[in-house]
Each structure stands twice: as C-alpha cells, then as structure tokens.
Amino acid sequence: MARTDWGELQRQFLSDHAKSGISPKDWCEAQGLNYASAKRYIKVANGGANSQKKTAKKSANSQKEKTAKKTPADNARAVQPAKERKISPHPSATEHFDSFNLSDQQMLFAQHVVDGKTRVDAYRLAGYLGEGATAYSNASRLLRNARVSRYVHHLRNERQKRYAVELDDVIAQLTAIINADPNEIAQYRRVNCRYCWGDGHKYQWRDFDEQLTAEKVAEKDNKPPPDLSGGIGFVDNFDPNPECPRCNGEGKGEAFFADTRDVEGDARYLLQGVKLGKFGIEINAADKAAARRELAKLLVARGTGTGKDNNDLARQLLELEIRKRAAEAERAEQEVELRRKGNSPDEEPTVVIKLVNSPDAD
C-alpha cells in the first residue's frame, strides 16, 4: 500500500482552509481520513500564529515610539475607535461582483444556489468535497457566510430585474400586435379609372409618351388614331371621382402591399413575413385574437403589481374572451337545433359536436 504523503495533504488543507475556513476535522472527514491519525499532520500552521505574535509585538513597539513623539495637545485629541463594519445582507443594485471578495468556488456555489440547486448539490458542483452530513453541514455554513449570502441576494435581484424587463417587453409586443393597423401592411383599395379625371370624363393619358405610343400602334394596325382630348396626367392611386359616368364613382379595386422594409411602429410586430406562392404574394401576420388572450394572461399573472390601468385592461380583455366563447357556444347550439328541426320524423337525428376553443382543434 502506498505511503500517505502528509505533506501534500497538509498543503491541500491549508489551501482549502484559506478559501472556506474549514476545520481540520471536517476536512479530514470530507477526504475520508481518520482524524485521530491525521490530526498530528493536518492542522492550522503554527507559523501563522508566531508571525502574528511578531507582528503584534512590532506594532506595539512602533506605537510606543509614535506616542512618545506626540505632544500633549495631540494626546488630548484621542482618536475614536473605529466602529465594527457590518455587512448588509442586501447589496445595492450597482455593486460590482468584485466588491464581494469571494473566491471562484464561492461565487460558483452562489450561482448554483440561485439556479435552484440544493445547497449540497451546489456545494459539490462548485468543486468542494464532502459526503452525507458533512457535505450538508459545510454547505449550510458556506451559505450562511455573510459575503456569500449577500452575493446570492445580488444575483437574485439581478435575475428578477431581467425577468421584469423581459416581461414588460413581451407585454409591449402583444399590445403592439393588438393595436396595429393591418392596412399599413396590405390593403384592398378603390382607385380612379381612366375616365374619372379626364377632360370631359374622357380617357386620360399618363403623359405624351403614352399618347405617342398609342398613335404609333394605331397607325401600324391601320386603326383610327386614339382620342387625345381627355388630356394627360393620369395617376394610378388617385381616389375615384364620385361624378364619373363610366365607373359611377366606384373606380376599380386593386390589392396594394407596402414595402415591408419601411414598415414602422406597431405594424412591425404584426408582420410575420412575406411568402411568394403559386397564388401570388401572401402576407403572414400575427393573430390578434391570440395576442389578446396571451396579454390577458400575462396581466392577470402580474397581479396587483401592474397598476390599476393594466388590471382594468386585463379585466376587459377577459370579458371580451368570455363573451366571444359564449357567442360561439350559442351559435353551435343554434346549428344543432336547426339540424334537428330539419330532419323528417322517420330520419335519425343528426348529432353535431361543436368544440369551442378546444386545444386539440385545428
């Protein structure tokens, strides 16, 4: 059996003791060593105590020399003893993690605690050694450490702020989807026809080039020259003329799609993308009804912390959703009743099952 290297074990203990303040007995138990045999080798170095005595003696001699040099007036102004510094368990929001004076293992332990790990799991994940009751005892002691506890509070506060910011952002996006005007993205509009604004309600040309082109085509096809008396200046997207005898003020209908690169405001959240398919251009937009439901859930989940205005909005959204579901259920009942009345006496009644907002419905 290999001989135990007590010198190396002593160095490991001193390193762990400097980081966590663990006692020799606890450290030996964590390492699986018999403390009765190891206590001669595993102990806090005496050199530190001797060094402290020498330092204290040196400081005392230095203090005597300084006191001898002081004048009576200086002695009269006695320096008040420094008050013991208390460590606040709740760090400020602007405090940097360097100010906590923690080792890497202690910071890692605190991070795992904030992530939801048990104190024992966090203790082991941070690299500390220990089993059973020893690990629990050491982890509890580490968690009660004033600096570690403050760092845990700091991490939890920062996480709560990030969560609040993310939640506010989600609420803002859902509100934007609800308030967005779809016409900013795509619209079906009525525009003027060629006769709406022409002179005497005659055919209006765009410009002279269009007139010349039409004349050349007519000449080539041996047709009469076109009527140019309606003038020029036709613009595609002008409104219809209510007095136009050709279209009766209705104009003509056309689909219009905005340049999605220029979409701004709430419409940016409503727009989900554009697809060019076999039936033409398709605009993918967010579901406003689904956005209302999700917003109501979020506002209710936030509770009283959202303020009166948000609570009123959540209540209104929930009332709208309830009325919508009630109307759908009533419509389903009416359909069943109509089907039942429409059957002849000899026919079997038709059973219609209407699922309203079923999670399994398409």
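The values are calculated or read from the model by the stated rules, or taken from the named source; none is laboratory data. Everything quoted here is computed from the prediction, not taken from an experiment. Cβ coordinates were reconstructed from backbone atoms using ideal geometry, including for glycine residues, and neighbour counts include every protein chain displayed.
Descriptive notes on the structure:
- If you filter the range 156-206 down to residues that are polar (S, T, N, Q) and over 19 Å from residue 286 (Cβ atoms), you find that the one that is modelled with the lowest pLDDT is 160.
- One residue stands out in the range 219-247 among those that are assigned to a loop (DSSP other than H, G, I, E, B) and of a type in the set (Lys, Arg): the one that is farthest from the chain's Cα centre (by Cα), namely 223.
- From 215, 158, residue being within 30 Å of residue 114 (Cα to Cα) and not assigned by the TED database to the domain that holds residue 293: 158
- Any hit, the range 147-154, residues being hydrophobic (A, V, I, L, M, F, W, C) and modelled with pLDDT under 85: no
- Residues that are of a type in the set (Val, Ile, Thr) and more than 45 Å from the chain's Cα centre (by Cα), drawn from the range 20-43: 42
- When the range 279-314 is filtered for residues that are modelled with pLDDT of 85 or more and acidic (Asp, Glu), the ones remaining, listed by number, are 282, 287, 294.
- In the range 271-282, the residues that are in the same structural domain as residue 175 (by the TED database) and farther than 16 Å from residue 183 by Cα form Cβ pairs under 8 Å with partners that are of a type in the set (Val, Ile, Thr) and modelled with pLDDT under 90, at six or more places apart or across chains, as follows: 275/281.
- Residue check for residue 135: closer than 23 Å to residue 15 by Cβ and either in contact with a Ser or Thr (Cβ under 7 Å, 6 or more places away or on another chain) or assigned to a helix (DSSP H, G or I) (or both): yes
- Taking the listed residues 296, 258, 291, the one that is among the small types (Gly, Ala, Ser) and surrounded by fewer than 16 Cβ atoms within 10 Å (Cβ to Cβ) is 258, with no other qualifying.
- Residue list for the range 131-164, restricted to those being among the β-branched types (Val, Ile, Thr) and either touching a residue at least 60 places away in the same chain (Cβ under 8 Å) or touching a Cys at 6+ places or on another chain (Cβ under 7 Å) (or both): 134
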